[in-house]
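Peer 1: This is the structure, below, for whatever I ask next.
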Amino acid sequence: MTNVAIRQQLHQYIDTTDDKKVEALYTLLKSDMNHDYSYSAQELDILHERAEKYLKGETKTYTAEESHKMIRQQRKKQ
């Protein structure tokens, strides 16, 4: 089923279902609907500082797999 077809079915369902079901759907989806997040000046400063350090070769980045491995090793130590 295409995304267009899914959207059409959802629109039809929302338009015709009872209010309790609409409220339940809204409750499930409301956290995903908030796209108004922005970084504070302090957060941006930290991100820029980290980027500069990376570009200068002062810090290392890790893949997701490497990060998971390090976390697992730390948990084993505890």
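Peer 1: Give the range 29-55 a look and list any residue that's hydroxyl-bearing (Ser, Thr, Tyr), at pLDDT below 90 and in a helix (DSSP H, G or I), or say none.
Peer 2: Within the range 29-55, just 31 meets the criteria.
Peer 1: Oh, and also: Residues in the range 33-59 that are surrounded by fewer than 10 Cβ atoms within 10 Å (Cβ to Cβ) and over 21 Å from the mean Cα position of the chain (by Cα): how many?
Peer 2: Summing the residues that are surrounded by fewer than 10 Cβ atoms within 10 Å (Cβ to Cβ) and over 21 Å from the mean Cα position of the chain (by Cα) in the range 33-59 gives 4.
Peer 1: In addition: With 26, 62 as the choices, which residue is surrounded by 10 or more Cβ atoms within 10 Å (Cβ to Cβ) and not in a loop (DSSP other than H, G, I, E, B)?
Peer 2: 26
The values are calculated or read from the model by the stated rules, or taken from the named source; none is laboratory data. From a predicted model like this one, the values you see are computed outputs, not experimental measurements. Note that we place each Cβ from the backbone using ideal geometry, even for glycine, and neighbour counts take in every protein chain shown.
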